[in-house]
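Peer 1: Once you've had a glance at the structure underneath, I'll fire off some questions.
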Amino acid sequence: MYWQSMIIIFSPLIGAIILLFKNKSTDFLSSIIANSAIGISMLLSLWLFISYVSGHNISESHLIYTWYATSGYFFEIGLLIDSLTIVMSFIVTFISFFVHMYSITYMKGDPSFKRFFIYTNFFTFSMLFIIFSNNFLQLFIGWELVGLSSYLLIGFWYNKPSAVSANLKAFVVNRVGDIGLLLGVILILITSNSLNYIDFFDKLPLLRDSTINLLGYHIELLPFIALLLFIGAAAKSAQIPLHFWLPDSMEGPTPISALIHAATMVTAGIFMVARLSPLYDLSGYVLDLILVIGVSTALFMGMVALVQNDIKRIIAYSTISQLGYMTAALGASYYSFAIYHLLTHAFFKALLFLCAGSIILKCHHEQDITKMGGLRKIMPITFITFFIAGISLMGVPSMSGFFSKDLIIDIFKYSNNTFVYYSLVLGVFITTLYTSKIFIKVFLGNNQLKIKKKLDLEHSDALIIPLLVLAIPSAFIGWSLFDGVLFNGFFDKSITDYTRLDQFYILHVEHSLSFFLHSLTSLSFIMIILGIVASYFLYYKDDGLLEKISDKFPLLRNILLNEYGFTSLSNTIIPTYFKRLANIIWMKSDVSIIDNFFVNGTANLINFISSKARLMQTGYLYHYAFTMIIGLLLFLIIFYDF
């Protein structure tokens, strides 16, 4: 598996390098190089995934490069190939390939066509570098490369002030998270003398009762490390309160939105916590904190989506909400359920964004859904594929999203955690509302933009094929992996929750068919039905009804529009106060100390001394003779006793 993994990781990087140094290349040639590089990785990842599912259990660790080695420390670049690696590699490369294919049409005519594919290839490489890492050093390097790639892609149209502001916000927020990640990695190095995952996991029993002294307080070591690492994960995976960069990332091209929200960037935090499951199983209160953050994100960010009208921002808040479900599963120590939902979510969320891009292109780059309508007959393929992705997002029984999301909800149903259970069920109702809102406003009703139907396909094949391909796993991958992979020991060697999974399966789930049939009487299914009915009255039958309701609750509407204050906090309050603080520091340190005291102060002091000393140079001989006599007398007085 060594060489296959190496090709999977570095093929996108080679594609990016070729495009970077190939000065004269047409858009067609650029797309061929970029798609071929990703296609090679995708085919090899698919082969690894099929081989693993077929029963070829693999768990390998390989050394690629020794960066630094002493008697005490060993820093390396290496590979860890196991079930978690293979699943994540399959998700990233498969979705990335079809996003790249889609981008050929979407980015057609853009003057920076080649630069776009350089960035996307590098983005995919950065994510794969994280996935295959076997140590914290490589994880951190890949983590920073993903952050850099997202910065470049969100601000791809750098002439737009909103895009520049959005990529700066994403970069700064993720640097806040990276501080926590870096401190956690440093603590791991200090306490275990190694950055290798396996070495650290082997030393966990010895570190279990260890504490550190922080400002006079003795703090448990492992929970503190887990907390620091989760700060980095929360920023990357857009969890409250470090989530507010993700909706603004919509300023980038729509294919980038699909890539960030489905396969790369936001999945990195979920992956990292799952990869470090042995640590988090010993982290105590940190798991409870992760659970609270996940549930809060799932519920409250879904509510924000209800008041949005920009099609991409609605789907963006949907992503944050679904990441909350994954985080809640992590907090309950069901890491496999989180990865399973990550997998199903990746396909239908990528499909939703690509459908949104298809709609935006057809509507002459209009993104406000209240100005659309009547596109069902004009865009039949987008209509059908969006419908499949939408009902999968809702969790309609038999769809992929249903299997993964209902499993997470059932964790708390059967563990009698009533508050979390009802919160996540309410999240299903909210998800149904905003998904139905897009569907009704875009595809039903009157054609407000007067879009004309064409005789040929709604778009070129390069744009339509990814929609059709991604619709298949959005509908069926939940069925195909439920029994054979999730509950068949697939993650035994990479995640520590297989015992809990077996118990859950034996007690509450017989097989996928029984789980499907049982869901038809579940509270989640009832919430979906209620959500569809409510959407019909709110968005289709009486469009003014929603306005009347919102007029009765103006405070709630304003709170949601302001994202519970996070919009003002990130756009106004934090920049204003940080600018004031920066000005104070600049005036006190840079101007007062460095400039006025050290630089200008030294020059002024020398000028003052020299101006005074210059007065002694009168040019009269008797003045100099007098000075010599006085100096000689002082000399004799000082050394008289000797």
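Peer 1: Pairs, please: C-beta under 8 Å, at least 6 apart or cross-chain, first residue open to solvent by 100 Å² or more (accessible area, probe 1.4 Å) and in segment 197-218, second in a loop (DSSP other than H, G, I, E, B)?
Peer 2: R208/L282
Peer 1: Something else: Quick check on my filter: what residues within segment 286-300 are polar (S, T, N, Q) and open to solvent by 20 Å² or more (accessible area, probe 1.4 Å)?
Peer 2: S296 - this is the single residue of segment 286-300 that is polar (S, T, N, Q) and open to solvent by 20 Å² or more (accessible area, probe 1.4 Å).
Peer 1: Taking I231 as meeting all but one of (1) within 29 Å of S474 (Cα to Cα); (2) touching a helix residue (DSSP H, G or I) at 6+ places or on another chain (Cβ under 6 Å), write down the number of the exception.
Peer 2: Here I231 meets the rest and fails (1).
Peer 1: Within segment 340-348, is there a residue that is more than 21 Å from V420 (Cβ to Cβ) and surrounded by fewer than 24 Cβ atoms within 10 Å (Cβ to Cβ)?
Peer 2: For segment 340-348, residues more than 21 Å from V420 (Cβ to Cβ) and surrounded by fewer than 24 Cβ atoms within 10 Å (Cβ to Cβ): present.
Peer 1: Go through (1) over 30 Å from L361 (Cα atoms); (2) out of contact with any Gly (no Cβ under 9 Å at 6 or more places or on another chain); (3) of a type outside the set (S, T, N, Q) for D502 and report which single condition fails.
Peer 2: Single failed check for D502: (2).
Peer 1: Another question, then. Which condition does K362 not pass, out of (1) open to solvent by 10 Å² or more (accessible area, probe 1.4 Å); (2) more than 24 Å from D542 (Cβ to Cβ); (3) under 23 Å from the mean Cα position of the chain (by Cα), if it passes all the others?
Peer 2: (3)
Peer 1: I've got another one for you. Looking at (1) farther than 23 Å from I430 by Cα; (2) open to solvent by 10 Å² or more (accessible area, probe 1.4 Å); (3) assigned to a loop (DSSP other than H, G, I, E, B), can you tell me which one S283 breaks?
Peer 2: With respect to (1) farther than 23 Å from I430 by Cα; (2) open to solvent by 10 Å² or more (accessible area, probe 1.4 Å); (3) assigned to a loop (DSSP other than H, G, I, E, B), S283 is out only on (2).
Peer 1: Find all pairs meeting these conditions: Cβ atoms under 7 angstrom apart; at least six residues apart or on different chains; first residue within segment 231-245 and part of a loop (DSSP other than H, G, I, E, B); second residue among the charged types (D, E, K, R).
Peer 2: F244/E563
Peer 1: Which residue pairs have Cβ atoms under 8 Å apart, sit 6 or more places apart or on different chains, and have a first residue in segment 355-379 that is within 22 Å of S103 (Cα to Cα) and without any contact (Cβ under 8 Å) to a residue 40 or more places away in the chain and a second that is buried (at least 18 other Cβ atoms within 10 Å of the Cβ) and acidic (D, E)?
Peer 2: Every condition considered, no pair remains.
Peer 1: Counting only residues that are touching a Gly at 6+ places or on another chain (Cβ under 8 Å) and either over 12 Å from V99 (Cα atoms) or basic (K, R) (or both), how many does segment 241-267 have?
Peer 2: Counting residues in segment 241-267 that are touching a Gly at 6+ places or on another chain (Cβ under 8 Å) and either over 12 Å from V99 (Cα atoms) or basic (K, R) (or both) gives 3.
Peer 1: Okay, next question. With (1) open to solvent by 10 Å² or more (accessible area, probe 1.4 Å); (2) more than 16 Å from the chain's Cα centre (by Cα) as the list, and I240 as the residue in question, which single condition is left unmet?
Peer 2: Unmet condition: (2).
Peer 1: With the requirement that a residue be of a type outside the set (G, A, S) and within 25 Å of the chain's Cα centre (by Cα), what does segment 22-47 give you? If you could, list the steps in order and put the result at the bottom.
Peer 2: The initial filter retains those residues of segment 22-47 that are of a type outside the set (G, A, S), namely 22-24, 26-29, 32-33, 35, 38, 40, 42-44, 46-47.
N35, I38, I40, M42, L43, L44, L46, listed by residue number.
Peer 1: Considering only residues that are part of a helix (DSSP H, G or I) and either acidic (D, E) or more than 30 Å from F271 (Cβ to Cβ) (or both), which ones fall in segment 337-383?
Peer 2: Correct list: I359, L361, K362, I369, T370, K371, P380, I381, T382, F383.
Peer 1: Could you go through segment 480-494 and let me know if any residue there is under 30 Å from E60 (Cβ atoms), touching a helix residue (DSSP H, G or I) at 6+ places or on another chain (Cβ under 6 Å) and modelled with pLDDT of 85 or more.
Peer 2: yes
Peer 1: Output the residues belonging to segment 493-537 that are among the β-branched types (V, I, T) and under 19 Å from P397 (Cα atoms).
Peer 2: Hits for segment 493-537 are V509, T521, I526, I528, I529, I532, V533.
Peer 1: Which one of these is closer than 30 Å to H364 by Cα, open to solvent by 40 Å² or more (accessible area, probe 1.4 Å) and of a type in the set (V, I, T): I440, I451, I384, I430?
Peer 2: I384
Peer 1: Determine if segment 22-37 includes at least one residue that is open to solvent by less than 20 Å² (accessible area, probe 1.4 Å) and farther than 30 Å from I477 by Cα.
Peer 2: Yes, the conditions are met somewhere in segment 22-37.
Peer 1: Are there any pairs with C-beta distances below 7 angstrom linking a residue in segment 477-496 that is free of Cβ contacts under 8 Å to residues at least 12 places away in the same chain to a residue that is part of a helix (DSSP H, G or I), with the two at least 6 apart or on different chains, and if so which?
Peer 2: Correct list of pairs: G489/Y498.
Peer 1: Being out of contact with any helix residue (DSSP H, G or I) (no Cβ under 7 Å at 6 or more places or on another chain) and in contact (Cβ under 8 Å) with a residue 40 or more places away in the chain is the filter; apply it to segment 23-62 and report the residue that is farthest from F116 (Cα to Cα).
Peer 2: Ranking the qualifying residues of segment 23-62, first place goes to N57.
Peer 1: While we're looking at this one, here's another question. Testing S404 on (1) open to solvent by less than 20 Å² (accessible area, probe 1.4 Å); (2) farther than 22 Å from L352 by Cα, one condition comes back false. Which one is that?
Peer 2: With (1) open to solvent by less than 20 Å² (accessible area, probe 1.4 Å); (2) farther than 22 Å from L352 by Cα applied to S404, the lone miss is (2).
The values are calculated or read from the model by the stated rules, or taken from the named source; none is laboratory data. All values derive from a computational prediction rather than experimental measurement. Cβ sites come from the backbone with ideal geometry, for glycine too, and all protein chains shown count toward neighbours. Areas reflect the complete protein model, heavy atoms only, side chains present, ligands, DNA and RNA absent. Shrake-Rupley method; radii C 1.70, N 1.55, O 1.52, S 1.80 Å.
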